[in-house]
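Remarks on the structure that follows.
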Amino acid sequence: MKIALVQCPAFGIDRPPLALGYLAAYLRVNNYQTDIFDFNIDLYSRSNDDEKKFWDFQYVFQWLDKDYFSNQGFLPEEYFRDWAKQITESGCRIAGFSVQSSSLRASIKLASELKRIAPETVIIFGGPLHLSYSIGHAYHLLQLEQPCGKKTVDIVAMGEGEQVLVEILNRIKSGSSLDGCQGTVLRENGRIVNNGLCPLIHDLDCLPFPDFSRFPLGRYKHKNRLPILGSRGCIFRCLFCDDSRMWRTYRSRTAENIINEIRIRKEEGVEFLEFNDLLINGNLLQLSRLCELLIKERLRINWGGSAVVDKKMDLSFLKKLKEAGCCYLNYGLESGSPKILREMNKHFKLAEAKKAIKDTYEAGISVCTNWIVGFPTETEEDFQETINFIRENIRYLKSNMMVNSFILKGESLLFQQQEEFGITFDSDGHWKSLDGINTIEERRRRYARLLDLLSENNDIAAHKTFQG
């Protein structure tokens, strides 16, 4: 039995998707064949220079609009027919889609085309698009219909995909019912059944290293660069974030297990490893040990990832990271207001953040930062504190800044506390504060003011997105 693992646009173009690499490896050791179809990089490769701009971060929400690209002729119907034909001609009769918010529209459209030309194809949707915890979203996907009345999606995989997908395949192969198959939501006897979440993989060292051998590695934007994962989950619970709910709890690989993978990547000619962790410093003991091994073995490979402000990561610790090959750290600072940091449930003080970015800079590691404009309780005074903090520390912040307006995510802790934070909605569905101050118009103004500050320092690389 062979399964197609599918990535639709839009997704990253720098390197292959890590999730599919893990699934391919796990399926292989469980004696299942896979074919990889990264149609995101296929579309990017087909696009002209002007169209390639649509993969810039500022366009991420345009991919949610079902008519945006079709109206521009950017993503014609024949592409979906071609992609569906590739899958069917591979001999795969099961297709597993890794779905993100940006790839949802294209995933549904391709799944629909697959069902049209090969109705017997089993369509499985999984991935981080709220599928790990939002039963309502899974129900919606399972109710999508073809023009002929048949359903488009057969199974929604919830949570971590490795064990769930193998169990689904085992049951299909043996002709067994999927009744009680943990980690799935599916239709059975005309009704939608939620089989509950599958237990987490607590020992990440037991997972095989991601298999990228079937990916078109030469087509990605950055050659000799691959993703790597040192942990799953987060040690904190920021009120605006839904990622921690997706992973449920924090788990990390051992340094010895990670270094074994790095040795293989080095032999393959990889020059840069991008850590996909929510934070690479959730387990400082293992991070320190990994650096010691990298320095001892002189592997000379560059890497970087996201980190939280931690006063234990002093200048000496950061210099060890630099010696081990760390090129950048991305800190989620979000605000320069002590009040807003407390209300976000951030676990650091502003003075600690300032020291972290200064020490990181002085250790020779590029400092990247994330910022959020328009948190529900943010006042003009709070926002001005953010502006002042950036101005005062601009010399450390010139590598890269990710600027976002506040997004009220449906599965975040904050969404569940709307009344406490004074959140309501206007007639257009945009959230606003009950006092009428924090509106979408005000968030746009503050967002523009922060971008103006960055434009004054035009050597700063900035990723920008606004969403009401």
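The values are calculated or read from the model by the stated rules, or taken from the named source; none is laboratory data. Computed from a predicted structure; not experimentally measured. No Cβ is skipped: glycine too gets one built from the backbone with ideal geometry, and neighbour counts run over all protein chains shown. Heads up: the accessible areas ignore ligands, DNA and RNA and are worked out on the full protein's heavy atoms, side chains in. Shrake-Rupley method; radii C 1.70, N 1.55, O 1.52, S 1.80 Å.
If you go through region 273-282 and keep only what is touching a Ser or Thr at 6+ places or on another chain (Cβ under 7 Å) and open to solvent by 50 Å² or more (accessible area, probe 1.4 Å), you end up with just 278. Filtered by the rule that a residue be among the hydrophobic types (A, V, I, L, M, F, W, C) and more than 14 Å from residue 287 (Cα to Cα), region 298-316 gives 299, 301, 309, 315.
Table: residues versus (1) closer than 30 Å to residue 136 by Cα; (2) of a type in the set (Phe, Trp, Tyr); (3) out of contact with any Asp or Glu (no Cβ under 7 Å at 6 or more places or on another chain); (4) outside any loop (DSSP other than H, G, I, E, B).
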position: 377; (1), (2), (3), (4): yes, no, no, no
position: 395; (1), (2), (3), (4): no, no, yes, yes
position: 408; (1), (2), (3), (4): yes, no, yes, no
position: 413; (1), (2), (3), (4): yes, no, yes, no
position: 419; (1), (2), (3), (4): yes, no, yes, no
position: 432; (1), (2), (3), (4): yes, no, no, yes
position: 438; (1), (2), (3), (4): yes, no, no, no
position: 448; (1), (2), (3), (4): no, no, yes, yes
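Kindly evaluate residue 266 against the criterion of being farther than 28 Å from residue 38 by Cβ and more than 21 Å from the chain's Cα centre (by Cα). Against the criterion (farther than 28 Å from residue 38 by Cβ and more than 21 Å from the chain's Cα centre (by Cα)), residue 266 does not qualify.
When 328, 361 are checked against the criterion of being at pLDDT 95 or above, in contact with a Cys (Cβ under 9 Å, 6 or more places away or on another chain) and over 30 Å from residue 442 (Cα atoms), 328 stands alone in meeting it. The strands (runs of 3 or more DSSP E) found wholly in region 265-361 and carrying at least 1 residues that are acidic (Asp, Glu) occupy 272-275, 326-334.
Among residues of region 25-37 that are without any contact (Cβ under 8 Å) to a residue 60 or more places away in the chain, those with a beta-carbon under 6 Å from a residue that is of a type in the set (A, V, I, L, M) and surrounded by 15 or more Cβ atoms within 10 Å (Cβ to Cβ) at least six positions away or on a different chain give the pairs 37/4; 37/6. Assess whether residue 269 counts as being surrounded by fewer than 18 Cβ atoms within 10 Å (Cβ to Cβ), touching a helix residue (DSSP H, G or I) at 6+ places or on another chain (Cβ under 8 Å) and at positive phi. No; evaluated as a whole, the condition is false for this residue. The residues of region 204-213 that are assigned to a loop (DSSP other than H, G, I, E, B) and hydrophobic (A, V, I, L, M, F, W, C), listed by number, are 207, 209, 212. Considering every residue within region 214-234, establish whether at least one is under 21 Å from the mean Cα position of the chain (by Cα), over 21 Å from residue 20 (Cα atoms) and either hydroxyl-bearing (Ser, Thr, Tyr) or part of a loop (DSSP other than H, G, I, E, B) (or both). For region 214-234, residues under 21 Å from the mean Cα position of the chain (by Cα), over 21 Å from residue 20 (Cα atoms) and either hydroxyl-bearing (Ser, Thr, Tyr) or part of a loop (DSSP other than H, G, I, E, B) (or both): present. Restricted to region 171-191, and to residues there that are in contact (Cβ under 8 Å) with a residue 24 or more places away in the chain and in a helix (DSSP H, G or I), the residue that is farthest from residue 122 (Cα to Cα) is 173.
Could you check region 302-321 and list, in sequence order, the residues that are open to solvent by less than 30 Å² (accessible area, probe 1.4 Å) and of a type in the set (Val, Ile, Thr)? Across region 302-321, the qualifying residue is only 309.
When each of 324, 307 is tested for being more than 21 Å from the chain's Cα centre (by Cα) and either hydrophobic (A, V, I, L, M, F, W, C) or on the phi > 0 side of the Ramachandran plot (or both), the lone residue that passes is 324.
Residue 182 meets all of the listed conditions (1) over 30 Å from residue 252 (Cβ atoms); (2) open to solvent by 70 Å² or more (accessible area, probe 1.4 Å); (3) touching a helix residue (DSSP H, G or I) at 6+ places or on another chain (Cβ under 9 Å) but one, namely (1). If you go through region 223-249 and keep only what is under 24 Å from residue 341 (Cβ atoms) and modelled with pLDDT of 95 or more, you end up with just 231. Inside region 235-258, residues that are touching an Asp or Glu at 6+ places or on another chain (Cβ under 7 Å) and either assigned to a helix (DSSP H, G or I) or basic (Lys, Arg) (or both) make up a count of 3.
Restricting attention to region 347-368, the residues that are open to solvent by less than 40 Å² (accessible area, probe 1.4 Å) and closer than 24 Å to residue 415 by Cα total 1. Scanning region 45-89 for residues that are surrounded by 14 or more Cβ atoms within 10 Å (Cβ to Cβ) and in a loop (DSSP other than H, G, I, E, B) turns up 47, 74, 75. Across region 409-426, the number of residues qualifying as under 25 Å from residue 449 (Cα atoms) and either open to solvent by 30 Å² or more (accessible area, probe 1.4 Å) or free of Cβ contacts under 8 Å to residues at least 40 places away in the same chain (or both) comes to 4.
Of everything listed in (1) in contact (Cβ under 8 Å) with a residue 12 or more places away in the chain; (2) open to solvent by 40 Å² or more (accessible area, probe 1.4 Å); (3) in contact with a strand residue (DSSP E or B) (Cβ under 8 Å, 6 or more places away or on another chain); (4) not charged (D, E, K, R), the single unmet condition for residue 431 is (2). Looking only at region 14-33, which residues are open to solvent by 10 Å² or more (accessible area, probe 1.4 Å), out of contact with any His (no Cβ under 7 Å at 6 or more places or on another chain) and of a type outside the set (Lys, Arg)? Once the filter is applied, which keeps residues that are open to solvent by 10 Å² or more (accessible area, probe 1.4 Å), out of contact with any His (no Cβ under 7 Å at 6 or more places or on another chain) and of a type outside the set (Lys, Arg), region 14-33 yields 18, 19, 22, 23, 26, 29, 30, 31, 32, 33.
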